[in-house]
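The values are calculated or read from the model by the stated rules, or taken from the named source; none is laboratory data. Bear in mind that the values here come from a model prediction, so they are computed numbers and not experimental data. Positions of Cβ are generated from backbone atoms using ideal geometry, with glycine treated the same way; all protein chains shown enter the neighbour counts.
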Amino acid sequence: MKLPIMETDFLIIGGGSAGCIAAMHALQAKPDLRVTIFEKSDIVYGGSIARGMDALNIVAIPGRTDAQMYLEAIRAMSGGIVDAGPSYVMADRSYALLKEMEGWGVTFPKDENGQYKTLRYHVKGEFQTAMDEPELKAMLVQRALSRGAKPVNRVMGIRLLTDSGRVAGAIGLNVRTGQLVICKAKAVLVASGGVSRFTMPNSEYLYGVYDYPGNTGDGFAMALKAGAGVTGMEYTQRTMLIKDSNMPLLAICVTRGGKVLDCNGKVIMEGEVNNINAMNEAFTQGRGPVHIQLSHLPEEKIREIEHILFTTERPVNERFFAGRRIDFRKQDIELWPTEYYLCGGHGLAGIRVNERAETAVPGLYAAGDVASVAKQHLTGAFVFGEIAAEQAVKYIREEPDVQIPEEQVQEEQELHQARFSSKGKDIDIHDLERKMRRMVADYLVSPKNSHKFDLWKYWSETFSKDLEHVSAGNGHELSKVYEVANILLCADCSALAGDFRKESRWGECHKRSDYPERDDANWKCHVVIKMNNGTLEAQKTRISELGEEVVL
Amino acid sequence: MNSSNIAVNANACLACGKCVDHCIMDNLRLVLPPCRQASPLGINYQGILRLTAAGKPAEAAKLLRSCTPFGGFLAVWGDKAASQACSRSRKGGALDMARVLSWLVQREESAVYSADPDPYAHSCKTVAVIGSGPAGLQAAHDLRRKGYAITVYEAAPSIGSTLRFLPSGEGSSPAEGGILPSIPAEIMDKTIAMLLGMGIDIRTFSPKGQSELDELCKTYDAVLCASGKGSVLPADDLGWVRDNLFAAGACVKNQKQIGTLQAMASGAKAARTICNFLEGFSLDYESDQRTARGLERFHGLSDAQEDTADMPAVKPSAQEYSDAEAASEASRCLGCGSPAERNQTCWYCLPCEVVCPTHALYVRVPYLVR
């Protein structure tokens, strides 16, 4: 029998925020379009937001802020390494997005004057707009599916297929049965999140990470192998969050009057931006751990904070604090650095895209945490999900049909067969992951230097070989092998980009002991990585101004 | 030692598997209760009994309907294999499931025979089913639920005649405990009305012989032959014959005589294969339902369940159970099935807890993080 092939028009890999809104908009534009979503988990709650969200971090509300002001803020917050087009377009469309979400029934609280409640999160302008919607993800999914999007649950994307340079579909892996799904599509959107399992969290629990642990750089790896570029991989970031639980809290508290204190009780952040660098500095200088104090706030504010923390984003926060016997009225909240992670939503790492969500591969789009639109947050995931849908619909209408490249399928089937066995294999995937993430922490994060990057090369090769000896007796274990291989490839990109950028920039995110100064003359540019015949290559790419095309 | 991140209240768990289905880290597995494991149609008796015991017959009936379109039949036949597997069979006597089902079907008729349209599924693909016996009707039902347009061709003047008039000694197998009684006309009619209500086109007086298969295969996207013992088709384990032709039930070549419930199970399996074929998956995609749905075998009673005092089955005061008697009998269910943490990948994100219909599941922060 011939190869079983699932045929669709628009394949979306990753049914999170960006993927679901893209499906919804593609079907709004063309109701008879065949839209298929590969989702590694189950689509109802899958993705980084899992359930709800307490704010849209970037909304330019007319009369109060605008896209130009946002561009200035994001430039300052990204060390100048930002393309103007995508960030401008995102801010420009953000208010229409808010209005659209209100149409779904999402609540954006208003103050006594009927104005949206905004909070200051960026260096300038109050772009963060309060939102109260614990069921946001389920609402989105319902809208995408009721319009006819077909979810394929428990399937992760493992390989993009290309037909003479343009995208032709993808291969997915069922994470329970270990079976392959081959999908032919005229356009593909990768929306599969960042790399959350990059180093180990302080709890030493493999999945005790800040960002959704199902995000393992699958999209980065697929895009690279298909010929697209990734960028910002040297932006190895971490944040300061609740000690051990690594759950979100900082922005919610700081923007509502919480003070961050060092160990001497000195205020290092109050009523100002989300200044990670000030906290990192206190930590590295031995003035840590830092604390958030809320006890000075009126009961009403504390209740507001508790309401958000305990109902919306990670409601389990309530259990964590109860377990540690912490009452915000009496005790401060201890903060520690989280694990390092790569993410286009909070940082700069991701697949290179322009303001049309296009990548370097025709027909391939990227949106959300997997795409590099500087610190775009949920706003970016939604706006670029919509943009990708609009572009894909147009592309599908205009471009001829594609063929499935059988040799690429065969290659992937052979790799799959080799990986899917436990016979004679003696490495446990969890051990490999733990060891690899330890080495990433040892060699690839600040303070960085060339010597460390050289040492990483040994481990990269070793882990690569070790992956061949990992036992995968069932589909779940097999999916972990693919995940770890993807994290490893992202780590290699991070090593290459980190070594290539011979300067220090972005505070703790890229601090080199051998090049301690920021060097705008040589390094005010992107470092873009592409794969050439299986080898990663780094290159400098210029930063584009408003009105200029982004170099992909 | 129990280091699991989830705590399950075994007295409330319906073993419905919603938590497993929605876990975004693929962390959970559902340990199947032995009754469901043994039931040829995979009926979730634990859930039905728990809801009955809790005085929620409407929900119990809805659950029964979601497991099978043939709740009315099971109330007549019982589910011998499931009853025999019941852990109670060595502790005070097996649950009288047939009697509970019979009570439920009478009491909640509209839910048991609900046409239950799937709100999301719609497809322009078409499937022809030959035969309106147990395998054919089960497959037609399952495929319709997936959104396909279904036409059933029945040679006889009436729908499901093999079910209406099961000749003694036929249509059953030793596993089903001997001879199954014929289905009373009233139950048959309600079941057929439900299937028609789902939009399945059933045509009587429409014999389709071997010679007409090729023509049907050209007209429809897929064809399922479920015409019973009269014809013979060589199908593989998945029910695939050739190209877009599939077979299920007694017409499959080289198999032992199969009973009515097995024929239904065979129809369900062929329906899954056809669905894979039409959607472009490999034919065996998720054919192992246990792995695909995260189900595991039962490993014996827990200490708490062992401690439950022996208690015999409730005897009905009249011919049928009263509400109180049904609830009382249902409350004897030991609740052998429950979710368990298997992969140690918990992100304590709570969807499992949110989707649990009875609040039986509680997520703890993992010990390393606590």
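Need pairs with beta-carbon distance below 9 Å; first residue farther than 19 Å from A:P405 by Cα and within region A:178-192, second β-branched (V, I, T) and surrounded by fewer than 24 Cβ atoms within 10 Å (Cβ to Cβ); sequence gap 6+ or separate chains.
Here the result reads A:G178/B:T291, each pair linking region A:178-192 to a residue that is β-branched (V, I, T) and surrounded by fewer than 24 Cβ atoms within 10 Å (Cβ to Cβ).
Anything in region A:153-179 that is within 14 Å of another protein chain (Cβ to nearest Cβ), part of a strand (DSSP E or B) and surrounded by fewer than 22 Cβ atoms within 10 Å (Cβ to Cβ)? List them, or say none.
A:N153
So in region A:10-49, with the set limited to residues that are in contact with a strand residue (DSSP E or B) (Cβ under 7 Å, 6 or more places away or on another chain) and among the acidic types (D, E), which one is surrounded by the most Cβ atoms within 10 Å (Cβ to Cβ)?
A:E39
Restricting to region B:324-342, what's the tally of residues that are of a type in the set (A, V, I, L, M, F, W, C), touching a Leu at 6+ places or on another chain (Cβ under 9 Å) and over 28 Å from B:D21 (Cα atoms)?
Counting residues in region B:324-342 that are of a type in the set (A, V, I, L, M, F, W, C), touching a Leu at 6+ places or on another chain (Cβ under 9 Å) and over 28 Å from B:D21 (Cα atoms) gives 1.
Kindly establish whether A:A472 is touching a Lys or Arg at 6+ places or on another chain (Cβ under 9 Å) and of a type in the set (G, A, S).
Details: touching a Lys or Arg at 6+ places or on another chain (Cβ under 9 Å): yes; of a type in the set (G, A, S): yes.
It is true that A:A472 is touching a Lys or Arg at 6+ places or on another chain (Cβ under 9 Å) and of a type in the set (G, A, S).
For region A:1-83, list the strands (runs of 3 or more DSSP E) that sit wholly inside it and hold at least 2 residues that are within 14 Å of chain B (Cβ to nearest Cβ); which are they?
A:35-39
Can you pull out every residue in region B:271-302 that is of a type in the set (A, V, I, L, M, F, W, C), assigned to a loop (DSSP other than H, G, I, E, B) and in contact with a helix residue (DSSP H, G or I) (Cβ under 7 Å, 6 or more places away or on another chain)?
Those that are of a type in the set (A, V, I, L, M, F, W, C), assigned to a loop (DSSP other than H, G, I, E, B) and in contact with a helix residue (DSSP H, G or I) (Cβ under 7 Å, 6 or more places away or on another chain): B:L283, B:F298, B:L301.
Among the candidates A:A191, A:A138, single out the residue that is of a type in the set (A, V, I, L, M) and over 21 Å from A:G344 (Cα atoms).
A:A138
Quick one: which helices (runs of 4 or more DSSP H) sit completely within region A:380-484 and have at least 3 residues that are of a type in the set (F, W, Y) and buried (at least 18 other Cβ atoms within 10 Å of the Cβ)?
A:450-466
Within region A:180-192, can you find the residues that are over 25 Å from B:G147 (Cα atoms) and assigned to a loop (DSSP other than H, G, I, E, B)?
A:A191, A:S192
Evaluate region A:322-334: report whether one residue or more is assigned to a strand (DSSP E or B) and touching a residue at least 24 places away in the same chain (Cβ under 8 Å).
yes
Out of everything in region A:256-313 that is under 26 Å from the mean Cα position of the chain (by Cα) and in a loop (DSSP other than H, G, I, E, B), what residue ends up being modelled with the lowest pLDDT?
The extreme case among them is A:V273.
Which residues, counting only those in region B:343-370, are within 7 Å of chain A (Cβ to nearest Cβ) and touching a Leu at 6+ places or on another chain (Cβ under 7 Å)?
B:V363
Within region B:279-292, take every residue that is surrounded by fewer than 19 Cβ atoms within 10 Å (Cβ to Cβ) and more than 8 Å from chain A (Cβ to nearest Cβ) and give me the one that is nearest to B:C35 (Cα to Cα).
Residue satisfying both the conditions and the ranking: B:R290.
So is B:T273 on the phi < 0 side of the Ramachandran plot, of a type in the set (V, I, T) and not assigned by TED's automatic domain parsing to the domain that holds B:P134 or not?
When the stated conditions are applied, B:T273 does not pass them.
Look through A:Y95, A:Y116 and report the one residue that is away from chain B (no Cβ under 14 Å), touching a Lys or Arg at 6+ places or on another chain (Cβ under 8 Å), hydroxyl-bearing (S, T, Y) and touching a residue at least 12 places away in the same chain (Cβ under 8 Å).
After ruling out the rest, the residue left standing is A:Y116.
Being on the phi > 0 side of the Ramachandran plot, in contact (Cβ under 8 Å) with a residue 60 or more places away in the chain and surrounded by fewer than 20 Cβ atoms within 10 Å (Cβ to Cβ) is the requirement here; does A:G507 meet it?
It is true that A:G507 is on the phi > 0 side of the Ramachandran plot, in contact (Cβ under 8 Å) with a residue 60 or more places away in the chain and surrounded by fewer than 20 Cβ atoms within 10 Å (Cβ to Cβ).
Filter region B:5-43 for residues that are more than 14 Å from every other protein chain (Cβ to nearest Cβ), in contact (Cβ under 8 Å) with a residue 60 or more places away in the chain and of a type in the set (S, T, N, Q) and give the result.
Passing the criteria: B:N9, B:N11, B:Q37.
Pairs under 8 Å by beta carbon, first residue within 14 Å of chain B (Cβ to nearest Cβ) in region A:231-255, partner among the small types (G, A, S), six or more apart or different chains?
Once the first residue is within 14 Å of chain B (Cβ to nearest Cβ) and sits in region A:231-255, its partners that are among the small types (G, A, S) give A:D244/A:S203; A:D244/A:G208; A:S245/A:S203; A:S245/A:G208; A:N246/A:S203; A:N246/A:G208.
Taking region A:508-543 only, how many residues are farther than 26 Å from A:E281 by Cβ, among the polar types (S, T, N, Q) and not in a strand (DSSP E or B)?
1
Return the residue satisfying two criteria in turn: it lies in region A:188-221 and is within 12 Å of chain B (Cβ to nearest Cβ) and of a type in the set (D, E, K, R), and of such residues it is surrounded by the most Cβ atoms within 10 Å (Cβ to Cβ).
The selected residue is A:R197.
Select from region A:312-358 the residues that are away from chain B (no Cβ under 14 Å), within 21 Å of A:G265 (Cβ to Cβ) and of a type in the set (V, I, T) and list them in ascending order.
A:I333, the sole residue that qualifies.
In region B:303-370, which helices (runs of 4 or more DSSP H) lie fully inside it and hold 2 or more residues that are assigned by TED's automatic domain parsing to the domain that holds B:C16 and surrounded by fewer than 23 Cβ atoms within 10 Å (Cβ to Cβ)?
Counting at least 2 such residues, we get B:351-355.
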